[in-house]
Amino acid sequence: MRPYTLRTPLAVLLAGAPIASAQLVDQPLEAVPHEPPPIDLRPPFRLPDTPRTSPGAIVRRGLFESVQVNTDADGLNILGDAANEPSIAPNELDPANIVIAWRQFDTINSDFRQAGQSFSWDRGRTWSGTRVLDPGVFRSDPVVRAGPDGELYLSSLRIDPGYVTDIFRSEDGGDTWLGPYYSLGGDKQWISVDLTDGPGRGMVYQHWDSASPFGRKFSRSFDRGGTWDDPADGSSDWGQETTLPDGSVCIAPGKGKSIINRLVGTYDPDSPPTVESSTATQLRPGGFSLLHSINPGGLIGQGNVSSDHSDGPTRGNIYALGTGDYDDSKGVDYNVAFARSTDTNLTYSTPVFVHSVTVGHQWFGTMSVAANGRIDVVWNDTRNDPVDPWNPTTSELFYTCSIDAGETWLPEIPVSPPFEHLLGFPQQNKLGDYYDAHSDSVGMDVAYAATFNGEQDVYYLRIGTADCNQNGIPDEAEIAMGLAQDDDGDGRIDACACIADFNADGTVDSRDVLAFLNAWATERTQDCSSGECLTDLDENGVVDTRDVLAFLNAWSAGC
């Protein structure tokens, strides 16, 4: 394959039942790009010179805390700016290291934006190195993803004068970035990285919209983003992509499409990938919402796709999520719906809403799948708008999850305070087009935009810091959902709040670990069905490694 040379050298969604004979009906493609050229080429954005207010916002909703990310270099909120379309990636080698990128507008009086970026080394409690990459260059549609060996990638749209993209790469957790490396691309590009142990490990993939010199295409990098091969067919407009456990890539529809494409043979440098399309109409894309006041100039949500990398029976499942208008009788009735494929993208399950309430609008649906198979979803919800949920001015971020591969969904809960989603438009009448999230076995890292400061800002939210009873549900979410008791209000499940003090001396220290492991080694060979085994923490009558995990999680949390 002939690689494209670098400019910078290296120094359905859910529309109906998944019957295999269903007809695929595509809407017409948009005639114009979604990202218009900048109308005001302003000087480079310089954080230290901007006006300042109070420290960056920290807002709370019950047990959940959101921390503002797009502050100045001193952690202070910037007056008159705007930030939206955040993307997030924790470091694969150190999950305490998280990078968030976003569209940074100097001022709401212009639509000129740059690539904002910040990083954290303490699991999102504080953020450092907040700045723009490539100052003075128009950049949009940021997507940041982690590589398998601690590297991080940031993809960014650039108008030069056509629609192309660049890749930045960081080897030090987001402190410094190599590049930009020209990566072809076009409007609404999305990237993924192969994190498997297969032959494609470390490969970087990107697809994009037709607003590009190359048309709507898919491309691969075999050298960590440095060069890219000839673009191949097989992408869908404005949807996300994911890498499956077998190394193939799935691309979700996001505009005018109702199928998911799976690309196989992606890691073979001697031939282009082969496209295999799903045979059922499963995704109804969110698309534009230009005629509705929620996000007048933007999308109501991208098409989401993710895959199950757990070691259990659901490994290899493909999950699809999207926001759409599912009730034509109302004209506009946005909901977040889910479907899954258990046969490698051939067919999908009957779509279901992830939320029980359909009052108002549910929009910006965002999904992530944890290593243990739990499916997490967040979205904006207008059900509690104080005036009119159907013509709202306020939204709240909601959360739910499924621990049975999407068969059922736990009670949805609000995880942010209400905010006015119509504030702070930066000469673009929208709150961006998407949010982003990443899940692990304990909880979910979320990057979202909101207006708690009276203007558009980017926030980091952690949903779940422990899973002390090892049932797959984040403890804070389990309490907020009413599924576990927290009578003392300390944010910990009462049933396992004290299990880390195993020797009952009033302190949680290394002596508790030794006491527990000694007892566990004895009891794991005993019959514990009578409930007398002290180390049977999940009370299932068997002493096994799950009890050790439950204890260590509680011990690390200090409970």
Completion exercise
Per the filter on segment 60-81, residues touching a Pro at 6+ places or on another chain (Cβ under 6 Å) and either under 17 Å from Thr176 (Cα atoms) or modelled with pLDDT of 95 or more (or both) are Arg61, Ala73
Fill in the blank from the handout: Only one of Gly256, Gly265 is surrounded by fewer than 18 Cβ atoms within 10 Å (Cβ to Cβ), in the same structural domain as Val336 (by TED's automatic domain parsing) and modelled with pLDDT of 85 or more, namely Gly265
Fill in the blank from the handout: Ile499 fails exactly one of (1) β-branched (Val, Ile, Thr); (2) in contact with a strand residue (DSSP E or B) (Cβ under 6 Å, 6 or more places away or on another chain); (3) farther than 17 Å from Cys401 by Cβ, namely (2)
Exercise for the section: Filter segment 69-87 down to residues that are in a loop (DSSP other than H, G, I, E, B), closer than 19 Å to His421 by Cα and not acidic (Asp, Glu) and give me whichever is nearest to the chain's Cα centre (by Cα). Expected result: Val69
Exercise for the section: Quickly run through segment 373-424 and pick out the residues that are crowded, with 23+ Cβ neighbours inside 10 Å and modelled with pLDDT under 95. Expected result: Pro392
Completion exercise
When restricted to Ser156, Ser183, Ser192, the only residue under 23 Å from Tyr267 (Cβ atoms), modelled with pLDDT of 95 or more and either buried (at least 24 other Cβ atoms within 10 Å of the Cβ) or polar (S, T, N, Q) (or both) is Ser192
Practice task
Would you point out which residue out of Ser219, Ser192 is in the same structural domain as Asp81 (by TED's automatic domain parsing), farther than 21 Å from Gly432 by Cβ and either outside any loop (DSSP other than H, G, I, E, B) or of a type outside the set (D, E, K, R) (or both)?
Solution key: Ser219
Practice task
Sort out which residues of segment 139-178 are among the hydrophobic types (A, V, I, L, M, F, W, C) and out of contact with any Asp or Glu (no Cβ under 6 Å at 6 or more places or on another chain), and write them in order of number.
Solution key: Val143, Val144, Leu152, Leu154, Ile159, Val164, Ile167, Phe168, Trp177, Leu178
Problem - Candidates Leu461, Leu423 - the one that is outside any loop (DSSP other than H, G, I, E, B) and within 22 Å of Gln362 (Cα to Cα) - result: Leu461
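The values are calculated or read from the model by the stated rules, or taken from the named source; none is laboratory data. The structure displayed is predicted, hence computed values, not measured ones. When we count neighbours, we look across all protein chains shown, and the Cβ atoms used for this are built from the backbone with ideal geometry, even at glycine.
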